[in-house]
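Here's the structure we're looking at; comments come further down.
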Amino acid sequence: MNLSSVKELEDLRKKILSGRDLDKPCIAVCGGPGCLAKQCLQVRDEFIKEISAKGLKSKVDIRTTGCHGYCERGPIALIFPQGIFYQRLSIDDVAEIVEETVINNKTVPRLLYSDVEAKQVIEKENDIPFYKMQTRLILSNNRMIDPNSIEDYLAIGGYSALGKVLGSMNPPEVLDAIKKSGLRGRGGGGFHTGRKWEATRDAPGDIKYVICNADEGDPGAFMDRSILEGNPHSVLEGMIIGAYTIGSGVGYVYVRNEYPLALKNVMLAIKQAKELGILGNNILGSGFSFDVKVNRGGGAFVCGESTALMASLEGKTGEPRAKYIHTSEKGLWDRPSNLNNVETWANVPMILNKGAQWFSDIGTESSKGTKVFSLVGKINNTGLVEVPMGMTLREIIFDIGGGIPGGKSFKAVQTGGPSGGCIPENLLDIPVDYERLTEVGSMMGSGGMIVMDEDTCMVDLAKYFTNFLQEESCGKCVPCREGLRRMGDILKDITEGKGRMDDILLIEDLAGMLKDASLCGLGTTAANPVISTLKYFRDEYVAHISDHKCPAGVCRELITYGIDPDNCTGCGLCKKNCPPKAINGERKQTHVLDTGKCIKCGICYDVCKFEAVRKE
Amino acid sequence: MSKKVEKSRGEMISFMLNGAEVQADPKWSLLEAIQFYGISIPTLCHDEGLTPYGVCRMCVVEVGNGNRTKLVASCMHPVTGGLNVRTHTSRVIKTRKMILELLIARCPSSKKLQDMAAMLELKEVRFDPLNDDCILCGLCVRMCEEQMVAKAIGYAGRGMDRYITTPFDMTSDECRKCGACMFICPVCELRCQGPQAETTLCSGCINTEPVCASIYGEAMCFMVPCLSCIKKPEDVKA
Ligand SMILES: Cc1cc2nc3c(=O)[nH]c(=O)nc-3n(C[C@H](O)[C@H](O)[C@H](O)COP(=O)(O)O)c2cc1C
Ligand code: SF4
Ligand code: SF4
Ligand code: SF4
Ligand code: FES
């Protein structure tokens with residue numbers, strides 16, 4: 001079928017909807033990254049088997065969807081039309097759900113969400129605190145559609161923004177809407193999307209490109225992956241609208257090499273859109289043509305940087321180059337190019353459907369709309385959360401994230417990916433927006449959020465991120481290559497008790513140079529973890545350097561283990577487990593630890609049931 | 001090929017250079033314009049006959065107004081109208097010294113780096129020497145490709161492991177043994193074996209920091225080396 005007008009698109013949508021029964025039961029199994037790791041596909045297969053066995057194949061739909069966000073509780077299945085949320089499923093639970101819920105319209109309480117504190121069981125997804133506080137504009141569609149079905153996307157109103165644009169708006173009007181919405185880039189710098197589009201549109205040249213950055217190399221981040229895997233058409237729709245506005249005929253999606261499912265889903269989406277005439281020549285009979293190609297990432301974190309990404313698309317080594325002439329003027333193959341992040345593109349159709357005003361009513365003065373964060377680390381509710389800009393970090397971490405597990409206390413949160421800063425407890429009430437995060441020494445970045453508890457050593461953490469960036473540096477420019485090398489060495493010395501007070505000054509000098517003189521964004525932001533921890537947790541650095549102590553008890557060289565005679569019951573467990581046999585003692589008598597032999601593996605500390613092994 | 005040859009003269013544009021309004025061809029790089037006005041800027045990865053590469057970052061200058069200023073690599077930055085450029089602010093000098101300190105720690109045996117250290121009055125190197133013999137400025141790679149049209153050498157490795165080599169680390173048939181790479185290399189010429197041959201920093205023969213910079217935050221004249229307009233002879237070390 002080739003749709004040759006907006007009307008035909010709307011007719012098709014009507015036809016799809018009229019063929020659908022909204023009351024038909026559907027089991028939506030989350031197939032996102034978190035659930036995949038917990039064998040959700042086996043659960044899904046079990047549902048398929050069970051439904052056929054019960055002879056319900058034609059009466060019940062089973063959908064494998066993109067990420068639902070609440071990865072902590074995976075594998076997750078939602079049962080429609082009721083909207084019942086089942087969590088932590090295993091294949092053994094499937095038969096019961098089918099019997100009780102699908103057939104008898106009752107719930108299976110033991111599989112429902114239960115809130116430990118409130119001691120209550122919650123049936124519906126929307127009533128669960130984790131979801132209740134969020135504003136899931138982008139992510140919520142994931143559970144409504146099969147990412148491999150363009151019909152599903154059309155059924156939820158997909159491509160209606162494109163229809164509206166091609167049917168009734170000229171490019172300056174679209175541009176105006178995007179500018180008025182206040183949408184800013186979700187991939188890093190937070191650049192105004194409308195202004196970027198305008199610069200590319202106004203740049204001289206017949207051939208222009210639009211590019212989608214799906215390289216997502218931050219450790220622990222999976223926002224873009226989940227959007228692309230779960231709702232690839234929304235990204236495509238945004239790109240087509242962008243291309244129409246900018247005047248581009250060819251687009252690229254640059255997908256991280258480690259994301260085969262995202263790659264597969266987006267390629268299939270492109271094929272489906274082409275078959276319907278939504279992509280390709282003369283889109284919906286409008287006379288506008290646009291094609292999208294998919295490229296696999298170069299496999300390095302730095303390939304996500306705009307100029308490196310473009311070099312990589314050109315088939316060269318993915319290394320950044322100076323950007324004094326913007327890529328909107330000279331980008332891919334020296335032609336005007338507009339690069340946006342996956343999430344940025346996914347926002348576009350929504351803005352055109354609901355209006356710039358609606359969008360700019362969400363958020364703060366300078367940051368509009370919602371932002372997806374991947375909440376990981378020492379947090380109860382690991383997962384993907386989407387909140388309006390301006391929500392406080394405290395609300396995100398404690399109300400949505402459910403706070404810190406194991407009764408531990410919160411220490412810091414790192415936002416913005418590996419080169420973001422660490423924000424301490426007393427700043428948790430700042431609203432999340434581009435400016436405020438930068439002011440406190442961190443950044444929005446692409447939306448990583450790593451929570452740390454009291455057991456984290458901030459010097460060790462700074463060392464970890466510095467080493468990550470050191471390994472990911474392309475090595476082209478001196479400040480980043482040599483600066484990070486030395487920064488890593490100094491931090492290593494400090495964590496091994498070999499630091500000197502002068503080192504703090506040297507770190508600060510190196511940080512200033514990295515920020516001022518590096519060639520690309522990797523180098524200019526690389527000092528954030530060190531600088532922010534030095535700013536908010538300076539006493540920990542000092543403790544390492546002058547007292548040779550690691551207050552969090554993490555840095556191996558600086559801790560000693562010993563046995564507290566008051567607590568030791570002489571059970572002998574530590575003695576049995578100690579690899580170098582550094583612990584001695586008779587049964588039922590106080591044991592003694594020989595610090596000379598101890599290799600500081602910490603096994604005795606972990607195995608002792610009486611808190612008799614001390615670490616200091 | 002050399003980029004300069006391709007350039008034709010455009011309409012001259014004005015910008016501010018160390019407080020004076022000057023004109024330059026918009027096709028020049030900022031570095032070319034600054035050098036045209038006789039101001040000396042240290043460079044390590046730049047050569048007039050080769051495409052700029054912008055990696056040593058020694059050529060940084062401060063641009064912008066008020067407290068909205070930033071450092072840019074002048075060899076890569078185009079001359080644009082209305083730019084406010086300052087070439088020797090304390091921030092610029094501090095950055096250049098830090099970069100040079102890192103490079104000398106990497107390659108203490110280079111005469112060019114040691115001379116530059118003396119020029120910039122770098123007084124200490126706080127890192128352990130690596131005794132490498134390449135600063136990865138890429139001059140040799142560009143020389144070989146652009147002037148000798150041989151493409152016998154290139155980069156390999158990433159990050160701290162980056163190095164210059166022939167394809168697949170094997171003797172290259174493309175190499176004509178012309179020696180151009182060694183001719184242009186800033187590290188191949190060894191420092192003199194003066195009184196302190198073993199130290200990381202040879203603590204040079206000339207010491208010419210523009211002393212005004214530390215007083216005013218910015219050099220007041222641009223006669224580099226300024227020798228000692230303000231310094232008394234007894235301040236100048238032999
Ligand atoms: C080292 C480095 C890595 C980056 N990685 C990504 C990435 O994985 N995904 C992304 O969208 N942007 C990444 N960026 C930001 C991009 O350079 C660019 O700003 C962004 O894709 C622009 O899109 P936006 O305006 O929609 O945010 C990275 C930047 C740097 C400096
Ligand atoms: S800042 Fe780092 S990653 Fe960027 S160009 Fe320089 S060496 Fe490469
Ligand atoms: S495990 Fe604990 S209680 Fe048991 S012997 Fe070791 S220190 Fe004592
Ligand atoms: S060998 Fe010499 S010219 Fe080539 S990159 Fe190294 S320092 Fe530069
Ligand atoms: S001379 Fe400009 S960066 Fe090296």
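The values are calculated or read from the model by the stated rules, or taken from the named source; none is laboratory data. All of these numbers come straight from a predicted model, not from anything done at the bench. A quick note on method: Cβ atoms are made from the backbone with ideal geometry, for glycine too, and the neighbour counts reach across all protein chains shown. All accessible areas refer to the heavy atoms of the entire protein, side chains included, with ligands and DNA or RNA removed. Shrake-Rupley method; radii C 1.70, N 1.55, O 1.52, S 1.80 Å.
Quick look at the numbers
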read-out: Loop-resident sites, region A:355-416, for GluC sites (Glu not before Pro), counting at most 16 other Cβ within 10 Å (DSSP); value: A:Glu365
read-out: The protein assembly as shown, accessible surface, carbon-and-sulfur percent (1.4 angstrom probe); value: 51
read-out: Given A:Lys498/A:Lys597; A:Lys515/B:Lys97; A:Lys411/B:Lys94; A:Lys378/A:Lys549; A:Lys378/A:Lys576, the pairs whose alpha carbons are separated by over 26 Å; value: A:Lys411/B:Lys94; A:Lys378/A:Lys576
read-out: Charge sum, other residues only, whose C-beta stays under 15 Å from A:Gly238's C-beta, Lys/Arg counted +1 and Asp/Glu -1; value: +2
read-out: Region A:485-616: relative contact order in percent, alpha carbon pairs under 8 Å with at least 6 residues between; value: 22
read-out: Inter-label distance for A:Val108 and A:Glu557, nm, one decimal - labels placed 7 Å from Cα along Cα-to-Cβ; value: 5.4
read-out: 5 angstrom amide H check on A:Cys26, placed H, neighbours 5+ away; value: A:Asp61, A:Phe80
read-out: Accessible area (Å², per residue) of region A:205-258, counting only protein heavy atoms and a probe of 1.4 Å; value: 19
read-out: Local electrostatic count at A:Pro129 - Lys and Arg +1, Asp and Glu -1, tallied over other residues with Cβ under 9 Å; value: -2
read-out: Probe 1.4 Å - accessible area at A:Ile48, Å² to nearest ten; value: 70
read-out: Packing-based ranking, highest mean first, of A:232-242, A:445-455, A:404-414 given that Cβ atoms within 10 Å are counted; value: A:232-242, A:445-455, A:404-414
read-out: Those trypsin sites (Lys or Arg not before Pro) in region A:285-344 that DSSP places in a loop and that have at most 12 other beta carbons within 10 Å; value: A:Lys316
read-out: Overall form of region B:21-163 per C-alpha gyration tensor (a/c, 1.5; a/b vs b/c); value: oblate
read-out: Interface residues in region A:490-507 - accessible area drops by 30 Å² or more relative to the isolated chain, probe 1.4 Å; value: A:Leu506
read-out: Ranking by accessible area, most exposed first, for A:Trp358, A:Trp197 with a 1.4 Å probe; value: A:Trp358, A:Trp197
read-out: Amide N proximity, region A:89-110 versus A:Leu41 label position 7 Å along Cα-to-Cβ, cut-off under 20 Å; value: A:89-94
read-out: Mean residue ellipticity (222 nm) of the protein assembly as shown, computed from DSSP H runs ≥ 4 via -39,500 (n - 2.57), nearest 500; value: -9500 deg cm²/dmol
read-out: Fraction of the pair-distance distribution of region A:560-615 above 13 Å, Cα-Cα pairs, percent; value: 47
read-out: Accessible surface buried once B binds A (1.4 Å probe; total of both sides; Å²); value: 2700
read-out: Share of alpha-carbon pairs per 10 Å distance bin for chain A, given as whole %; value: 3, 15, 23, 24, 18, 10, 5, 2, 0
read-out: Estimated FRET transfer efficiency (A:Ser18, A:Lys581; beta-carbon r; R0 51 Å; 0.05); value: 0.10
read-out: Solvent-accessible heavy-atom area per residue, rounded to whole Å², over region B:1-140 at 1.4 Å; value: 41
read-out: For B:Cys188, solvent-accessible area (1.4 Å; no DNA, RNA or ligand), Å²; value: 70
read-out: Rough spin-label spacing in nm, given labels placed 7 Å along Cα→Cβ, for A:Asp539 and A:Lys597; value: 3.8
read-out: Estimated distance in nm for a label pair at A:Tyr464 and B:Ser40, the labels positioned 7 Å out from Cα along Cα-to-Cβ; value: 4.9
read-out: Centre separation in Å (Cα based) which lies between region A:52-97 and region A:325-351; value: 38
read-out: At least 10 Å² of accessible area lost relative to the chain alone, listed for region A:458-483 with a 1.4 Å probe; value: A:Gln470, A:Glu471, A:Glu472, A:Ser473, A:Cys474, A:Gly475, A:Lys476, A:Cys477, A:Val478, A:Pro479, A:Arg481, A:Glu482
read-out: Hz values of 3J(HN,Hα) by residue in region B:54-65 - Karplus curve (6.51, -1.76, 1.60), Gly and Pro given as x; value: x, 10, 6, 6, 6, 8, 4, 9, 9, 10, x, 10
read-out: Amide H contacts of A:Lys293 (H built 1.01 Å from N, under 5 Å, at least 5 apart or other chain); value: A:Gly251, A:Tyr252, A:Val253
read-out: A:Met513, B:Met76, reordered so the largest accessible area comes first (probe 1.4 Å); value: B:Met76, A:Met513
read-out: Relative packing of peptides A:57-68, B:150-161, A:177-188 - highest average C-beta neighbours within 10 Å first; value: A:177-188, A:57-68, B:150-161
read-out: Globularity index of region A:150-297, i.e. its alpha-carbon radius of gyration over 2.2 N^0.38 Å; value: 1.01
read-out: Accessible surface, per residue, of region A:560-615 when the full set of protein chains is kept, probe 1.4 Å, Å²; value: 64
read-out: DSSP bridge pairs, the protein assembly as shown: antiparallel proportion in percent, nearest 5; value: 65
read-out: Whole-Hz ³J(HN,Hα) from phi, Karplus 6.51 cos²θ - 1.76 cosθ + 1.60, for region A:600-613, glycine and proline x; value: 6, 6, x, 5, 4, 4, 6, 7, 4, 8, 10, 6, 8, 8
read-out: Of the GluC sites (Glu not before Pro) in region B:9-48, those whose Cβ has at most 12 other Cβ within 10 Å and which sit in DSSP loop; value: B:Glu11, B:Glu48
read-out: Averaged over B:51-58, number of beta-carbon atoms from partner chains that fall within 10 Å; value: 5
read-out: In sequence order, calculated HN-Hα J values of region A:578-587 (Karplus, 6.51, -1.76, 1.60; Hz; x Gly/Pro); value: 5, x, x, 6, 8, 10, 10, x, 7, 4
read-out: 5 angstrom amide H check on A:Gly377, placed H, neighbours 5+ away; value: A:Val451
read-out: Exposure ranking of B:Phe183, A:Phe610, B:Phe15 by accessible area [1.4 Å probe, largest first]; value: B:Phe183, A:Phe610, B:Phe15
read-out: Accessible area (Å², 1.4 Å probe, nearest 10) - A:Lys15; value: 140
read-out: Rounded, prolate or oblate (a/c below 1.5 giving rounded, otherwise prolate when a/b exceeds b/c) for region A:22-128 by Cα gyration tensor; value: oblate
read-out: Counted charge near A:Cys422, where neighbours are those whose Cβ lies closer than 10 Å (Asp, Glu -1; Lys, Arg +1); value: +2
read-out: Interface residues in region B:128-165 - accessible area drops by 10 Å² or more relative to the isolated chain, probe 1.4 Å; value: B:Asp128, B:Leu130, B:Ile135, B:Leu136, B:Arg158, B:Gly159, B:Met160, B:Arg162
